[in-house]
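Report on the following structure.
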Amino acid sequence: MRQALVSFCVIALIVTTISAEDGDLDDLINSLFTKAPQDVGSSVSSTPPPAPPVGSMSSCQSGQRCIQKYLCTNASTTGEGQIDIRFDDDNPCVDYLLQCCYEEDIIQEPPSPPTTKIPIDPVLIHPGCGKRNADGIGFRITGQKDSEAEYGEFPWMVAVLRQENALDQVVNVYLCGGSLIHPKVVLTAAHCLHNRTPAQLKVRAGEWDTQTRNEIYPHQDRSVVEAISHPDYYKGGLYNDIALLFLDSPFNLDEGIQTVCLPPQGTKFDQQRCLASGWGKDVFGKSGTYQVILKKIELPIVTPSQCQTALRTTRLGPKFTLHKSFICAGGEKGRDTCKGDGGSPLVCPIQGSHMHYYQAGIVAWGIGCGENAIPGVYADVSNFRNWIDQQIQQRQLDPSSYSL
């Protein structure tokens, strides 16, 4: 993000980072940000080596083994514990989510990722759509320096990945952000689908820190079987920049994977302070870096007239007209979404419903990142609620997953 939203950098045997350009009108969606493998070290600083396997005893004292901190009673991190996200060179387990723990202090064995797909239980107890976990799940982080989100804070946040062949292997490369609106449906930006087929796309839910698999719940991946952009999407100006991804199977909902609420058609959020999340760049341009932990930023909603006036002071010029499909947020120096955040959600609190949120916008474009008095531009989700409902119902899916 332009203050802090950092990229989701997928590292798989080879290190390749490619992100769709989603911030600058001059480039729109046709150019790609590419960082060659030899350059990645400069963008992801202090990348730790792989952590020892959970349960490993080789790095610990006699009678101890590496275990997730929240599973060790002597860590004082059970329940709502504290975990410092800064890398600790003195930690024999290397990964900051692990620590050496005596066998008698282990609360329980860490959960193993399921080997088969588990069907969603229709009576699954969940908090309803749009429930933000402001205090995180299982632990709270300390040592934040770039507005990192708590683990599980935005359970609807997903990463849209592109599958690439490299060195005779298939690797997942970050493409855009997105939000879960139904266990089988993701909301994202239409510009993310440019020149991509559904077979090339994958969606990952439950991700937080992309360089560790030691969070409480394993992330889940699903393939895309159908991708639908709005019929009036115009790539020249990113009008109606909204798309739906339909998945091959539903995500298994848990504390860290839930749906977001969508606002009724025509809802206005003017003057509210809202939250954006994503893995995009910290600043625009070559000096910006792609990092690994999900970020968040609070932004004010700006009225269309104020937004248009502000954007006319930029290189867009005095005749620029803001399209009716957009909503604007930001304009506070150093606080913004940025390159790599395309498709990511902007959510606003639901009045009278504690810690529940509507998705007000989808990151579309902006002029630079975090420029003073220059808001960022988002697709206005409330303009498309009827269209979304129509697409969901045509596929015989239940819209209650994103409705209050």
If you take every residue apart from Y217 with its C-beta less than 9 Å away from the C-beta of Y217, what net charge results, scoring Lys and Arg +1 and Asp and Glu -1?
-3
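Work out, step by step, the length gained on full extension between T321 and T73: first 0.36 nm times the residue separation, then minus their alpha carbon distance; give nm to one decimal.
On the way: separation 248, 0.36 × 248 = 89.28 nm, distance 5.90 nm.
Gain on extension, T321 to T73, equals 83.4 nm.
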Report, in debye and to the nearest 20, how large the dipole of the range 185-268 comes out about its Cα centre when Lys and Arg carry +1 and Asp and Glu carry -1 on their Cβ.
260 debye
Separation of the T313 and D232 label points, Cα + 7 Å toward Cβ, nm:
3.0 nm
In whole Å, what three semi-axes, largest first, describe the equivalent ellipsoid of the range 224-281 built from its Cα gyration tensor (square root of 5 times each eigenvalue)?
23, 21, 14
Positive end of the dipole of the range 202-327, charges at C-beta (+1 Lys, Arg; -1 Asp, Glu), about the Cα centre: which of A227, G237, Q265 has its Cα farthest in that direction?
G237
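Give me the extension gain from Q163 to R395: residue separation times 0.36 nm, minus the current Cα-Cα distance, reported in nm with one decimal. Can you show the working numbers first?
Working: separation 232, 0.36 × 232 = 83.52 nm, distance 2.56 nm.
Result: 81.0 nm gained on full extension.
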Nearest 20 debye, what's the magnitude of the dipole of the range 158-216 about its Cα centre given +1 on Lys and Arg Cβ and -1 on Asp and Glu Cβ?
220 debye
How much length would be gained if the chain were fully extended between N372 and Q271, taking 0.36 nm per residue of separation minus their Cα-Cα distance, in nm to one decimal?
34.6 nm
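Calculate the dipole size of the range 292-404 relative to its Cα centre from +1 charges on Lys and Arg beta carbons and -1 charges on Asp and Glu beta carbons; express the result in debye to the nearest 20.
Details: 11 positive and 8 negative charges, 67 e Å.
Approximately 320 debye in magnitude.
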So how do W387, W208 rank on accessible area, 1.4 Å probe, biggest first, that is with the largest at the start?
W387, W208
Report I374's accessible area, 1.4 Å probe, all protein chains in place, as a number in Å² to the nearest 10.
20 Å²
Charge-dipole axis of the range 136-194 as Lys and Arg at +1 and Asp and Glu at -1 on Cβ define it, positive-most pick from L187, I141, A166
L187
Sorted by average packing, counted as other Cβ atoms within 10 angstrom per residue and highest first, what order do 356-365, 260-269 take?
356-365, 260-269
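The values are calculated or read from the model by the stated rules, or taken from the named source; none is laboratory data. If you're wondering where the values come from, they're calculated on a predicted model, not measured in any experiment. In this analysis, Cβ positions are derived from the backbone assuming ideal geometry, glycine residues included, and neighbour counts consider all displayed protein chains. Ligands, DNA and RNA are excluded from the accessible area calculation, which covers all protein heavy atoms including side chains. Shrake-Rupley method; radii C 1.70, N 1.55, O 1.52, S 1.80 Å.
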